[in-house]
Amino acid sequence: MTVRRQGRPWLARAMAAYPEPVLHKAYAWGRNHRLVTDGLLGLALFACSAGQLMNSPVTVALGLATVNVLLALAVMARRRHPAAAFGIAGAVGLVQAALGFRSDGPAVHALQPTVTDAAIVVLLYTLAAYQPRRTSLTGLALCLAGSGIAIYGWTFTYDGAAFALLAVTALAATFVATWVLGDSMAYRRAYYMSIEERLVAAERARDLEGKRAQAVEESAARLRRIERDLHDGAQVRLTALAMTIGEIKETLAQPGESRREALILATQAHQAAKDTLSELRDLARGIHPAVLDRGLDAALRSLADGSAIPASLDVAMTGRPSPAIEAIVYFSAAELLANAVKHSDASHVGIGLRPVAASMMLTVTDDGAGGARVTGGGGLAGLAERLRAVDGHLGIDSPPGGPTIITVELPGHA
């Protein structure tokens with residue numbers, strides 16, 4: 001959109017040269033670099049008093065420079081330490097108000113106000129915007145008291161009741177308006193922060209709903225898999241076993257039949273029973289490994305001892321997480337160890353587990369070829385989905401040529 005201003009072509013050119021996105025970027029940069037912004041503001045206020053310093057005697061200029069430097073430094077620290085910065089500026093202002101209007105001596109001239117004293121207004125605004133009202137109202141009262149002392153000293157030297165009334169009104173209105181603006185900024189900041197918190201809470205609730213739905217789907221899929229494994233595996237083997245035992249019974253019931261045939265059938269039935277027990281044991285291990293009953297240390301040790309690649313184990317846990325988290329840690333380590341065996345061409349794998357604040361960190365490192373990444377339908381993708389269901393996180397550092405470092409961060413309780 002073209003901006004037109006009658007009689008002000010320079011304004012139109014300026015607005016066209018600096019479009020709104022640039023202003024937004026400048027504002028965002030200022031918010032992200034507050035110390036630099038405040039430093040520039042302090043230097044600008046100090047520079048505005050350069051003319052007064054240059055036109056003053058040396059002793060007066062030194063005093064003015066000292067006061068201006070203190071005020072500029074207070075402005076630089078206004079958002080990091082608002083109360084302390086205002087305290088410094090307020091003390092300087094009170095000294096100026098008490099001694100800067102009393103006589104014509106050089107020492108008092110060194111305390112006369114300059115443009116840099118506008119820092120007091122800036123710091124009052126900052127105090128109201130960043131500190132509680134009790135603190136900011138105290139600052140406002142201090143500013144009003146200082147302005148009253150300064151005006152009294154001025155009228156004591158230069159008699160003028162009308163000027164004093166006008167000066168009191170102007171300074172009081174300035175300080176009150178500054179405090180109101182700063183206080184309204186504090187209110188808006190609190191309001192926006194509450195909106196952001198509500199948005200974060202809503203996003204968190206949606207995320208939890210998605211994770212819950214995903215967990216329900218995974219549970220249903222796991223139950224279907226168990227049912228399918230039982231139907232297609234153990235049930236078939238048990239049916240065959242029953243038929244074999246029936247044949248043995250019929251063979252033994254017939255007179256004159258060879259006992260050798262019955263022995264062969266019994267051998268087959270015995271092997272079928274062992275196979276069925278092994279399959280049921282594997283199925284139960286997939287639901288909850290029995291080795292976890294002895295703790296994560298023993299469970300991870302069994303994985304490391306049974307690895308096709310030489311594996312070392314370093315566990316530094318002080319307590320036990322919930323059973324659900326223990327199972328996820330175990331299956332995560334098993335999945336990552338299997339991936340290393342299949343794809344890494346590594347000669348050594350390291351498994352580590354340690355507490356990190358209120359969570360725990362599982363680390364699996366190998367010296368293989370690297371290049372591990374999450375792909376659709378892959379083991380790492382499935383692992384990442386499982387971790388997200390319990391607010392876990394999967395980290396992958398696997399440059400080409402290795403080494404590969406995969407971290408799994410999990411809470412202590414699901």
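Taking the alpha-carbon distance from Lys274 and a cut-off under 29 Å, which lysines remain once sequence neighbours fewer than 8 residues away in the same chain are dropped? Counting by Cα, and skipping residues close in sequence, Lys274 has these lysines nearby: Lys249. Across the range 167-184, rounded Karplus estimates of 3J(HN,Hα) from the backbone phi angles (6.51 cos²θ - 1.76 cosθ + 1.60, θ = phi - 60°) give 5, 4, 5, 5, 5, 4, 5, 5, 5, 5, 4, 4, 5, 5, 4, x, 5, 5 Hz, Gly and Pro being marked x. Taking other C-beta atoms within 10 angstrom as a stand-in for reagent exposure, Phe86, Phe331 fall in the order Phe331, Phe86, fewest first.
Legend: ranking of residues Trp29, Trp179 from fewest to most surrounding C-beta atoms inside 10 Å; resulting order Trp29, Trp179. Modelled spin labels at Ala324 and Arg294, positioned 7 Å past Cα toward Cβ, are 2.7 nm from each other. Kindly provide log₁₀ I(q)/I(0) values, in the same order as q = 0.16, 0.17, 0.20 Å⁻¹, from the Debye equation applied to equal alpha-carbon scatterers of the range 291-411. Reported log10 I(q)/I(0), two decimals: -0.70, -0.80, -1.12.
Convert each backbone phi in the range 319-330 into a coupling constant with the Karplus relation 6.51 cos²θ - 1.76 cosθ + 1.60 (shift: θ = phi - 60°), then list the ³J(HN,Hα) values in order as whole Hz, x for Gly and Pro. Computed from phi, the couplings for the range 319-330 are x, 9, x, 5, x, 5, 5, 4, 5, 5, 4, 4 Hz.
Counting beta carbons within 10 Å around each of Arg78, Arg134 and listing the fewest first gives the order Arg134, Arg78.
The simple spin-label model puts a point 7 Å past each Cα toward its Cβ; for Thr174 and Ala201 those points are separated by 4.3 nm. In this rough spin-label picture, where each label sits 7 Å from Cα along the Cβ direction, the Tyr192-Ala242 distance is 7.3 nm.
Values in this text are rule-based calculations from the coordinates and carry no lab data. The structure presented is a predicted model; accordingly, all values stated were derived computationally and were not measured. Ideal geometry is used to build each Cβ from the backbone, glycine not excepted, and the neighbour counts take in all protein chains shown.
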